[in-house]
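J.: Pasting a structure below so you can have a look.
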Amino acid sequence: MASSPDSSSHLYFLLVFFLLLAAAAAFPVTSEFELGRQSRIHFRVYFHETFLGPDNTTVTVVNMSLPNTFGDVDIFDAVLRTGPSKRSTEVGRAQGVSFHASQRDESSLIPLVLVFTEGDFCDSTLTVIGRMDTSGKADRAIVGGTGVFQFASGNMVSKLVTSENAGLVAAFDIYVVYYGDARLAAIA
């Protein structure tokens, strides 16, 4: 009695399935990690954004030319400083994108990375995402980090300090929980 094409394909599928299952059981690839001690910190940095001149930190890459800014996209690489003055110490950069995503108001969706280049958090980053309204107020989520801020989570609250045609300064109050001593160990 000859087997039908359907029954042989089922047998072939079962054979491949059991071979893969046996291989997965024989060679497990798992890892385990310990988060270690949890740390919590609050600190403030100042976001210095420049719109005009040779030190421009923001570029509009999509301008929809609609009655409002809906659909516009800006990219920024702004300076982070310890204070609101341009003479205060630079501690890093804020790099991200501003998506003008509301048809009703001038609010934006802003994913950004805070890249720390000086101080206690040098060579570390925080990844932040959230919405900002026209007043410059924003309450955004910290969704990750690197370096000192491994496995970070928390909140970043921003408030506009000064705004003029040439640029703006905003205060970023950062509340972060992180595990700076996380260890990854492969299990055989």
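The values are calculated or read from the model by the stated rules, or taken from the named source; none is laboratory data. Just so it is clear, the model here is predicted, and its values are computed rather than measured. Cβ atoms come from the backbone with ideal geometry, glycine included; neighbour counts cover every protein chain shown. Just the protein is used for accessible areas: all its heavy atoms, side chains included, with ligands, DNA and RNA removed. Shrake-Rupley method; radii C 1.70, N 1.55, O 1.52, S 1.80 Å.
J.: Regarding segment 45-180, what's the average projected area of the Cα-atom convex hull, expressed in nm²?
T.: On the way: hull surface 32.0 nm².
Spelled out: convex hull of the Cα atoms, projected over all directions, averaged, 8.0 nm².
J.: With all protein chains present, how much of the accessible area of segment 45-180 (probe radius 1.4 Å) comes from carbon and sulfur, to the nearest whole percent?
T.: Details: 3900 of 7100 Å².
Roughly 55 percent of what the probe reaches on segment 45-180 is carbon or sulfur.
J.: Could I ask something else about it? Can you order the peptides 95-107, 149-161 by their average number of other Cβ atoms within 10 Å per residue, highest first? Can you show the working numbers first?
T.: Values: 95-107: 15.1, 149-161: 18.2.
Order by mean packing, descending: 149-161, 95-107.
J.: May I pose another question? Provide the per residue accessible area, probe 1.4 Å, for segment 45-180, rounded to a whole number of square angstrom.
T.: Details: 7100 Å² over 136 residues.
Per-residue accessible area for segment 45-180 comes out at 52 Å².
J.: Report the relative contact order of segment 45-180, percent, no decimals, based on alpha-carbon pairs under 8 angstrom and at least 6 residues apart.
T.: Reported as a whole number, the value is 20 percent.
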